[in-house]
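Working notes, beginning with the structure itself.
Bear in mind that the values in this text are calculations on the coordinates, not laboratory data. Bear in mind the structure is a predicted one, so any value in this text is a computation, not a measurement. Every residue, glycine as well, gets a Cβ built from its backbone with ideal geometry; the counts of neighbours run over all protein chains shown.
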Amino acid sequence: MEKIIVLGTGTASVINNFNTCFILENNSQEYLMVDTGGGNRILKQLQLANININNIHNVFISHKHLDHLLGMLWIYRYVDLSMAKGTYVGNLDIYCHDEVAEILKTQIKTLLRKSQQQFLDKRIFIHTVKNHEKVKILNYNIEFLDIFSKSDKQFGFKTRLNNGKVLAFLGDEPLDGNLYNDVKNADYLLHEAFCLETEDGIFKPREKNHDTVKSACIKAENLGIKNIVLWHTQENLKDKRKEQYTKEAKANFSGNVIVPNDLEIIPLN
């Protein structure tokens, strides 16, 4: 069964939760990793999720912000060393837009020892993708989408799952009107929700190019979305976050609402 394995649900500033990133698992138990969090804790999250890094062969990085990109350096380091030991079979393919590709290559070449970068461009490949470019990854036809970020260049993607349903991931900024036709009537919309609408005056999400639960759900409702996944959130509500985010979401959205916790599994039925 296809599923999302949630590695993290938090914004860049969270402490107890991990930064938002996830694994898309297909019917053959193969993985597409989407974003990598902000540091080496990504290795622990993968361990807690019972995912062997040696089984990760495809990664997508949405943008250059540290809470999405920096974990990639630790995964790269681990994989390069595993290749040298003979414990990693196959290649690692990393997909991102041009700015992220340049930053990642610079990080590898300046922060890692020569012995830890020996497989770059040999078995570890950084692929630069463009807006609306379609790439076959696993058994998915992934269409990469420029999300029209109001800050730094950022990409998301959409794909048709093996079960025929459409899934769209749009990074960590509000859904832009330029993408409405791309995601209209999607079965799954993975959307950031920085805070509740009632917390707007506290966290000022719009000043940070983020959205509230209410605002995200109103757009999803108008576009005929079937399931909305809300993450990239604050952690101030602690164990009440799921309950309160779900309540505000359901007041503005008639479809299915999913507010996951770290390490939760979302079946894509």
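Exposure proxy shown here: for 115, 82, 62, the number of other Cβ atoms within 10 Å sets the order, fewest to most, as 115, 82, 62. Label sites at residue 238 and residue 103, each approximated as a point 7 angstrom past Cα along Cα to Cβ, lie 3.3 nm apart. About its Cα centre, the chain has a charge dipole of approximately 580 debye under the convention of +1 per Lys or Arg Cβ and -1 per Asp or Glu Cβ, with nothing else charged. I'd like the trypsin sites (Lys or Arg not before Pro) in segment 111-153 restricted to DSSP loop residues with at most 16 other Cβ atoms within 10 Å, sorted by number. Passing both the DSSP loop test and the Cβ count: 113, 122, 123, 130, 150, 153. Taking 26 Å as the straight-line reach from the Cα of residue 240, the lysines in range (excluding those fewer than 8 positions away in the same chain) are 3, 44, 204, 208, 214, 219, 226, 250. For segment 1-131, a/c is less than 1.5, where a ≥ b ≥ c are the root eigenvalues of the C-alpha gyration tensor. That puts it in the rounded class. Across segment 1-98, C-alpha contacts under 8 Å between residues 6 or more apart give a mean separation that, scaled by the residue count, equals a relative contact order of 25 percent. Across the chain, the relative contact order, built from alpha-carbon pairs under 8 Å that are at least six residues apart, equals 19 percent. Among the helices of the chain, those built from whole DSSP H runs whose Cα atoms reach 18 Å or more along their own axis and whose mean Kyte-Doolittle hydropathy is at least -1.0 are 66-85, 98-111. Normalised by the number of residues in segment 61-139, the mean separation of alpha-carbon contacts (under 8 Å, six or more apart) gives a relative contact order of 38 percent. A straight chain from residue 139 to residue 52 at 0.36 nm per residue would run longer than the Cα-Cα distance by 29.3 nm.
Build a GNM of the chain with springs between Cα atoms under 10 Å apart, and of 39, 177, 255 the one that fluctuates most is 177.
By the helix-only formula, in which each DSSP H run with n ≥ 4 contributes -39500 (n - 2.57) and the sum is divided by residues, the chain has a 222 nm mean residue ellipticity of -7500 deg cm²/dmol. What number comes out for the charge environment of residue 120, summing +1 per Lys or Arg and -1 per Asp or Glu over other residues with Cβ under 9 Å away? It works out to a net charge of +2.
Taking the DSSP beta bridges with both ends in the chain, the antiparallel portion is around 50 percent. Summing Cβ point charges (Lys, Arg +1; Asp, Glu -1) relative to the Cα centre of segment 1-131 gives a dipole of roughly 520 debye.
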